[in-house]
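For reference, the structure is listed below as structure tokens.
Only the coordinates and a few stated rules stand behind these numbers; no lab work does. Fair warning: this is a prediction, and the values are worked out from it, not measured in the lab. Counting neighbours? That spans all protein chains shown, and the Cβs are built from the backbone with ideal geometry, glycine included.
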Amino acid sequence: MQVLDGILRQQLMTMLTWWFGIETNFQRNRGKGKKFQGSFIAKCWMLLLGTFSNADIAATWQALFKMTALFKLTAGDVAQVSGFNYPEVEDRNVSQYLEDIHRSATS
């Protein structure tokens, strides 16, 4: 939970900030505490809500998978607009690694 809600969420929110900027052509302010971002990212809102979990292990795994899906969804757009190549191979490798750990932890 500490890694999910600390380190990983911070990186996800940074990516969502960049994505928000690109989607608004950097013409909108996200507001204090990012309060205006939520209404803007409606197409990702349910995924974002799914990234929050309780202390249940299964729910935490699902939150992690939703977090990685949302990161990938927005990071591809950010990379393309910024002139970078999204690291598809690394993404697949990390996703497979997480699936393998999840499978072994729940077996």
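Structural remarks
- CD proxy at 222 nm, helix term only [per DSSP H run n ≥ 4: -39500 (n - 2.57); per residue of the chain; nearest 500]: -21500 deg cm²/dmol
- Identified option (computed Cα extents along the principal axes in Å; candidates (1) 79, 28, 26; (2) 49, 31, 21; (3) 57, 44, 22): (2)
- C-alpha long axis of helix 88-105 to longest principal axis of the chain, angle in °: 40
- Fully extended contour minus Cα-Cα distance, from Thr106 to Phe65, at 0.36 nm per residue: 13.3 nm
- The modelled label-to-label distance for the pair Gln10/Glu90, using points 7 Å beyond Cα in the direction of Cβ, is 1.9 nm.
- Relative contact order for region 2-105, counting Cα pairs under 8 Å that sit 6 or more residues apart, in percent: 26
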